[in-house]
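Worksheet: the structure to be examined is printed underneath.
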Amino acid sequence: MVVGKMKLTSQKRVKLVQGLGLLSWLATLGGAITFTLGCFLKTELRRRGEVMDNTDIHCVPNTLMIVGLASMGINYFAGRICQDALDAGRFPRWKTFLKPFYGCSIFFTTLMLIAVILSYIMKGSLESSLKIGLKNGIRFYKDTDTPGRCFQKQTIERLQMEFQCCGNNDYKDWFEVQWISNRYLDFSSKEVKDRIKSNVDARYLVDGVPFSCCNPRSPRPCIQYKITNNTAHYNYDHQTEELNIFIGGCREALVNYYMGLMNTIGGVVLSVFLIQSSVLASLRLLQTSMEAVAGQENLEIETEGYLLEKGVKETFMEYLDPVLKLMLLNQVTSPEATGTINADS
Amino acid sequence: MAVLKVTFTKTNRDKLAQVLWVLNCVSVVTGVTLFSLGLFLKVEIEKRRELMSKEIDSVPNMLISVGLIACAVNFLGGKICYDCVDTTKFLRWKLLMLPYIICTFFFTFCILVGALMCYSMRNDLEESLFQGLRDAMRYYKDTDMPGRCYIKRTMDMLQMQFQCCGNGGYRDWFHIQWISNRYLDMTNSEVVDRLQSNVEGKYLIDGVPFSCCNIHSSRPCIQHQITNNSANYNYDYQTEELNLNRKGCRHALLDHYTDIMQSIGLIVLTIWLFEVSVLTGVRYLQTAMENVLRFGDPDSESDGWILENSIADTARYNFNIIKNLGKCYQVDDDPNIDVPSTSQQPHENVPAS
């Protein structure tokens with residue numbers, strides 16, 4: 001039950017070699033691009049690493065980098081094999097190399113596909129990581145005098161200005177947190193004392209946001225304090241005023257940004273995956289058709305090339321057997337050894 | 001007494017021609033580089049066009065045109081040098097080569113001028129930015145007037161991106177009304193007092209827009225009542241350095257553009273040196289090929305030089321040519337021309353009746 005059988009004349013074999021040479025070059029380039037994209041994604045994730053709680057999402061760029069490097073190696077060898085394919089003298093030396101080569105190639109090519117799927121699956125993990133990270137960032141915003149937290153203010157301000165967002169879910173997150181440090185509160189003032197007393201945890205909460213939430217597109221100077229108080233500002237209606245501060249939350253903005261990035265990268269990696277698969281399939285066809293030629297007197301004859309000699313399942317078991325044997329080796333030998341000892345005694 | 005004479009064997013000439021061909025191809029690439037540098041500079045200036053009072057387009061236009069001409073000139077030069085290996089093909093270009101070299105010489109001079117203009121652009125730019133920023137700050141509040149409605153956004157984005165405030169410093173905001181009357185409660189006595197206390201009826205405050213706030217400050221931004229120490233707790237206006245952006249936007253933008261200009265100027269100078277060396281090589285090749293043709297033997301040795309005579313002699317010779325160009329239609333010393341002498345009687349020329 002041969003899979004992917006195809007008859008190849010001598011001319012077709014030559015054309016296949018030429019096409020494969022070009023494709024393997026393209027695929028090497030694709031591998032380099034995949035590696036670069038992985039590096040770029042990792043850099044982008046690290047830039048905002050301070051507002052992320054964990055680094056689970058880094059598995060996507062790490063996988064891309066590994067796959068990119070492996071792909072460059074695989075396609076380099078594919079190109080070399082292809083070069084030697086038509087030379088009956090040089091081709092046989094690749095024989096023993098081919099089986100593990102195919103095994104590795106298929107493993108890494110599948111890993112490429114898995115990386116693309118991962119980038120969609122990890123969205124939830126990214127979102128929850130950002131939720132916790134941003135919550136902490138907002139909580140420690142005022143602690144510019146605490147070592148380890150003194151740069152939170154800067155980080156959050158930069159983030160809000162760059163992504164044009166405010167708070168975690170939205171700007172109201174700032175109303176629930178004391179973001180003005182006690183160092184800058186006049187405790188002798190009646191207003192401050194009242195506000196602190198009216199709060200259960202003795203926190204100074206205001207209906208105001210930091211300046212980085214201000215929207216430059218607003219036609220009026222920014223209103224960042226007493227946002228919900230219509231009478232505090234002239235000609236101001238809190239419900240209808242849309243352009244004053246950024247309404248959207250930073251979590252959504254960041255998730256959208258990273259998912260957009262990963263979608264684009266996913267598209268590119270998918271096309272590299274397709275090129276890589278065609279390289280491997282063509283190489284297999286070439287190898288099998290050349291093996292049929294080997295030993296024949298007339299090298300110009302038409303031969304048959306195929307992808308798999310047996311069916312998919314049987315070939316898969318064939319590959320898996322040596323791996324399983326290697327893993328079970330210790331367990332197989334010890335019962336035998338104890339059996340012989342018992343037999344002797 | 002030639003200037004910088006060098007003797008070339010046949011193989012030397014061929015090698016020189018090949019090397020010059022390659023160098024001319026590289027010069028086409030440098031021409032493209034010049035063009036793209038000019039384009040980049042033009043885009044950078046257009047991005048901040050609203051903040052400049054007049055167009056600064058002389059330098060980028062110069063670079064763009066010089067880049068395009070460089071591509072054309074060096075492409076032609078490459079073709080000529082490629083043909084110079086073969087003496088018969090050289091005959092095609094023989095008459096064109098000297099004008100080509102003279103044109104290229106003036107052209108490389110233009111590249112040098114372009115490079116020097118890059119360094120001199122700063123003064124023009126400073127003047128333009130000073131007036132442009134002053135106007136932008138004045139129209140900051142006019143978000144309801146067509147043509148000026150985006151100035152607020154441009155100014156805010158500029159101050160945030162370059163971490164600057166105002167024209168020369170944050171105090172510039174104290175001298176203009178940047179809060180529109182639409183958002184001032186004219187029934188409020190405090191507002192009325194402030195308006196009345198100003199000669200021109202402008203609402204001036206010691207406050208700045210939010211975009212002047214410094215993100216490196218350890219406390220929430222104080223943007224209103226900046227000079228009033230008692231208005232804010234634990235605040236000393238004189239010693240507080242991190243609250244607002246200290247740099248003026250004019251200086252920030254000037255620094256930004258000066259950095260770009262210095263890099264571009266350096267690259268253009270390097271390209272100029274490269275072009276001059278290529279031109280020198282082409283001149284040597286031209287004189288060597290012409291001397292070969294003069295001797296008649298294509299395989300012989302020949303001399304190449306920059307100038308045939310000394311610099312003074314060549315200058316005098318060329319000056320005479322230019323002087324005599326003007327004398328085209330005047331009398332000269334050719335004996336074949338019939339010049340009537342003053343002693344002859346005029347009636348001799350009257351035909352016999």
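The values are calculated or read from the model by the stated rules, or taken from the named source; none is laboratory data. What you see is a predicted model, and the numbers here were worked out from it, not measured in a lab. Using ideal geometry, Cβ is built from the backbone for each residue, glycine included, and neighbour counts are taken over all protein chains shown. Note: areas computed on protein heavy atoms with side chains; ligands, DNA, RNA excluded. Shrake-Rupley method; radii C 1.70, N 1.55, O 1.52, S 1.80 Å.
Right, B:S218: among the small types (G, A, S), part of a loop (DSSP other than H, G, I, E, B) and within 27 Å of A:V206 (Cα to Cα) or not? Yes; evaluated as a whole, the condition is true for this residue.
Okay, residues lined up against (1) over 29 Å from A:V2 (Cβ atoms); (2) crowded, with 16+ Cβ neighbours inside 10 Å:
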position	(1), (2)
A:R251	yes, yes
A:L261	yes, yes
A:M290	no, yes
A:G295	no, no
A:T303	no, yes
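Residues are listed down the side, and each one gets a yes or a no for (1) open to solvent by 30 Å² or more (accessible area, probe 1.4 Å); (2) in a loop (DSSP other than H, G, I, E, B); (3) at pLDDT 95 or above; (4) at positive phi:
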| site | (1), (2), (3), (4) |
| --- | --- |
| B:W173 | no, no, yes, no |
| B:M186 | yes, yes, no, no |
| B:E190 | yes, no, no, no |
| B:R194 | yes, no, no, no |
| B:G201 | yes, yes, no, yes |
| B:Q225 | yes, yes, no, yes |
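Against the criterion of being under 21 Å from B:C81 (Cβ atoms) and either in a helix (DSSP H, G or I) or within 14 Å of chain A (Cβ to nearest Cβ) (or both), B:F319 does not qualify. Taken over region B:31-77, the criterion of being in contact (Cβ under 8 Å) with a residue 40 or more places away in the chain, small (G, A, S) and under 30 Å from B:Q131 (Cβ atoms) is satisfied by B:S53, B:S58. The residue that is nearest to the chain's Cα centre (by Cα), among those in region A:117-127 that are touching a residue at least 12 places away in the same chain (Cβ under 8 Å) and surrounded by fewer than 21 Cβ atoms within 10 Å (Cβ to Cβ), is A:L118. Inclusion of B:F210 among residues that are away from chain A (no Cβ under 13 Å) and within 41 Å of the chain's Cα centre (by Cα) is not warranted. Only one of the listed residues (B:I179, B:I215) is at the interface with chain A (Cβ under 7 Å from one of its Cβ atoms) and open to solvent by less than 20 Å² (accessible area, probe 1.4 Å). That residue is B:I215.
Scoring B:L95 on the criteria (1) under 22 Å from B:I306 (Cβ atoms); (2) in contact with a helix residue (DSSP H, G or I) (Cβ under 9 Å, 6 or more places away or on another chain) leaves a single failure, condition (2). Please verify whether region B:102-123 includes one or more residues that are within 30 Å of B:S211 (Cα to Cα), assigned to a helix (DSSP H, G or I) and open to solvent by 70 Å² or more (accessible area, probe 1.4 Å). Yes: one or more hits. All of (1) more than 14 Å from chain A (Cβ to nearest Cβ); (2) in contact (Cβ under 8 Å) with a residue 60 or more places away in the chain; (3) of a type in the set (A, V, I, L, M) hold for B:I102 with one exception: (2).
With respect to being more than 11 Å from chain B (Cβ to nearest Cβ), in contact with a His (Cβ under 9 Å, 6 or more places away or on another chain), polar (S, T, N, Q) and exposed (fewer than 15 other Cβ atoms within 10 Å of the Cβ), A:N229 fits the description. Counting residues in region A:24-36 that are open to solvent by 20 Å² or more (accessible area, probe 1.4 Å) and either at pLDDT below 95 or under 30 Å from A:E300 (Cβ atoms) (or both) gives one or more.
Of all residues in region B:113-155, those satisfying the criterion of being over 25 Å from B:H251 (Cβ atoms), within 13 Å of chain A (Cβ to nearest Cβ) and of a type in the set (A, V, I, L, M, F, W, C) are B:M145, B:C149.
Taking the criterion of being aromatic (F, W, Y) and either within 14 Å of chain B (Cβ to nearest Cβ) or in contact with a Pro (Cβ under 8 Å, 6 or more places away or on another chain) (or both), would at least one residue in region A:247-263 satisfy it?
Start the filter on region A:247-263 by keeping residues that are aromatic (F, W, Y), which leaves A:257-258.
Now narrow it down to the ones that are either within 14 Å of chain B (Cβ to nearest Cβ) or in contact with a Pro (Cβ under 8 Å, 6 or more places away or on another chain) (or both): none.
No, that holds for no residue.
Total residues in region B:228-246 satisfying the condition of being within 18 Å of B:H175 (Cβ to Cβ), in a loop (DSSP other than H, G, I, E, B) and touching a residue at least 24 places away in the same chain (Cβ under 8 Å): the figure is 2.
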